[in-house]
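The structure under discussion appears below in the form of C-alpha cells.
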Amino acid sequence: MKKRLLALFLLTALLVSCGSGTSEVPSDDPASDAPDAVTEEIAEETEAEPVDSLLARQNVDDELPSKNYNGATFTTLSCNENIYDTSYYGEMTGNAIHDAVYARDCEVEERFNIKFDHRMVMWNEHANMFTNSVLSGLDEYQLYLGQAISASSMVPNDYFLNWKDIPVINYEKPWYSQASNDALTINGKNYLLLGSMSISCLGYTYCMFMNLAQANNLNLPNIYETVNSGKWTYDTLYEYASTCYTDSNGDGTMTDGDFYAYATRSGDIPTFMWAFDADIVTINDDGTFEIKFGDERTASVAEKISALVKSNNGTSMNDNGESYTGGILFNGGMQFTRGLSLIATGFVKDAVSPAYLEMEDPYAIIPYPKFDEIQQEHYTMSDGSFGIHCAPVTVQDTEMLGTIVEACNAGAWKNIEPSYYDTALKFRGARDEESVAMLDLILNSRILDFAYLHDGFQGYGLSGLQTIVNTNAEAASYVAKTRTAVERYYQSVIDYYFDIEG
Ligand SMILES: [Ca+2]
C-alpha cells in the first residue's frame, strides 16, 4: 500500500476529544450500551457548554514522572529566527508570547531541578556550531532545535538519535503532531520530531491576509463565508487579483504607492504545490518512491501561478523584505501593512509583528485558496525556517532529554500556543469566533512531508515550482533535465533510513 507522506496536523480532532473527555466512556462500560437518548443527552450537554478549546488544554495530564536532576544544566542550541521556541532572554520582556515561553521554562526548571542554558545563534551559524559540537564527541547540547531544512540535510550524517528510542516521549500526546511525526518516521526511524515547543513552526505557517476595510470598499463578499462555503479557490483569488488594482497616482503604470490586489514574493510560490494538493514525491512502505513533480497537476499549477503573478496587473511581486526584531517582513507584508494591498501572502507570525499589530485597517488571516471547488480541503505548510527537535547523538542522559522535551512540549501546547492566538487575533476586535476558527483551520491544515523537509535544496519541494514559474519553463521538460540528480538524492536519503550503505 502506498504511504503518501502527508502530515496533516490533527489538532482540531485532538481538541475535540480533549474537550469532550468527561463524557467519554470506556468501551467495556455498560453505559456504552446505553440507548440513543442518553448519547444524545451527552451530545447536547457537550454542545450546550462549548469548551474553550484553548483553556481545555490546561486539564490534560502530561503524565510525567517526578524527577530531580540535581541542578543539571540542559543546554539547547537554536537559530535566532526561531523567535519563540526558547526563552533566550532569560527574563520577562513584556511580550506576551515570549513571557509565556519564559514562564514555561521556569516551571520546567523548578519541577525537575534543572537549569536551562539556551544558546541562540545566527541562522547561518547554528549548523556549523552543531556539527563541530557533535564531531567533538562532547555532550554539549542536550537538544538541537535545528532549522528544519538544514537539520534534515544532516540526518544522513549520523548526528541524531532516533526519537523512537528516547524514553518518556509520548507520541500519543496532543502536543505532538501525530500525523507529521508518522510521516517523518521512515522504517521506524524518526530523527526529526515535531512538537508544540516549535512555536516557530506555528509562526512560519504560510497564510494570506485580507484587508477587510478595503474588501468592504470594493463590495467583496465576506471572506469568512467565502472560505467556509468552499469558494475560496484560485479562480476567486485570480478574480480579485485581476480586478481590484487601482492606479492610485493615475500615471497609467504600476508604480509604488498604487493599490495592489495581491502583494507577494516569489519565495511564497512553492506553497501552492501544497495548497493546491499537488504531489511532489510519494514513498511506499518498502522504501520505493515515485516522483510526481512535473506531472499534469504540476503543469496546471505552474500555469495558474504564472498567470497570477506574471501576467496580471493587480499583483505586486518582489522579493524585498524589511527587517524587524524577530524576523523579516517581506513584500506582501510591507505593502499590506501600509494599506497598499487587498491581499498579501505571509506567515502567521507576521500577525504578531509590530507592523501588523500597529496596522490601522482591520484584516482577516485566511488560508491559501484551494485549486478549485473540487478540492475538499485547504492546505498549507510551514516554511522550513522553523526549529525542529533533534536529539544530538552525543547526549548521554536520554531519560533527562525525553523528560525535559516532553515537559517543554506540554507546556508550550497548554500555555504558549493560547498566548500566540491571543496576540495574533486581539487587534481591532477580531478576536471573535470566526477569526479563531479561521486560524485553527490554517494551522490544522499544515502539511509537513518528506518532499519538503528532506528537500535539502536538492529536491523539487523548495524551488521546483518557483523555478518553473520564474523561468517560464515547461514543467515536464524541466523535470526531464533534472530528474536523474533529484532521484539519486531522494534515494540517498531513503537508503539512510533503510541502512543501505551509499
Ligand atoms: Ca501608478
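Just so it is clear, none of the values below were taken in a lab; they were calculated from the coordinates. Computed from a prediction, not measured in an experiment: that's the story for all the values here. We place every Cβ from the backbone using ideal geometry, glycine too, and count neighbours over all the protein chains shown.
Tabulated data
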read-out	value
Value of relative contact order over the range 182-266, rounded to a whole percent, pairs C-alpha under 8 Å and six or more apart	15 percent
Magnitude of the charge dipole, the chain, Cβ model with Lys/Arg +1 and Asp/Glu -1, debye to 20	1620 debye
Exposure proxy order (Cβ contacts within 10 Å, fewest to most) of C201, C390, C244	C244, C390, C201
Chain lengthening between N170 and S311 when straightened (0.36 nm per residue, less Cα-Cα)	45.8 nm
Positive-end residue of S200, P221, G287, charge dipole of the range 156-299 with Cβ unit charges	S200
Along each principal axis, Cα extent of the chain, largest first, Å	71, 60, 50
10 Å-binned pair-distance histogram of the range 164-245 (Cα, whole percent)	13, 32, 17, 20, 14, 3
Residue order, fewest to most beta carbons within 10 Å, for E406, E399	E399, E406
Order of C207, C79 under a 10 Å beta carbon neighbour criterion, fewest first	C207, C79
Amide N proximity, the range 326-361 versus D422 label position 7 Å along Cα-to-Cβ, cut-off under 12 Å	none
The range 310-370: relative contact order in percent, alpha carbon pairs under 8 Å with at least 6 residues between	21 percent
Lys/Arg +1, Asp/Glu -1 at C-beta; the range 352-502 dipole; positive extreme among M438, M381, L425	M381
Rough spin-label spacing in nm, given labels placed 7 Å along Cα→Cβ, for T255 and D285	6.4 nm
Packing-based ranking, highest mean first, of 185-193, 89-97 given that Cβ atoms within 10 Å are counted	185-193, 89-97
Sequence-separation-based contact order of the chain, relative, with Cα cut under 8 Å and 6+ spacing, percent	26 percent
Estimated FRET transfer efficiency when R0 is 35 angstrom, pair N128-E296 (beta carbons, to 0.05)	0.25
Two-decimal ratio, the range 366-476, of alpha-carbon radius of gyration to 2.2 N^0.38 Å	1.43
Simple Cβ-charge dipole of the range 360-448, Lys/Arg +1 and Asp/Glu -1, about Cα centre, in debye nearest 20	160 debye
Cα centre as origin, Lys/Arg/Asp/Glu Cβ charges: the range 188-291 dipole, Debye	340 debye
Entries of K231/K292; K115/K349; K67/K414; K292/K370 with Cα pairs more than 25 Å apart	K231/K292; K115/K349
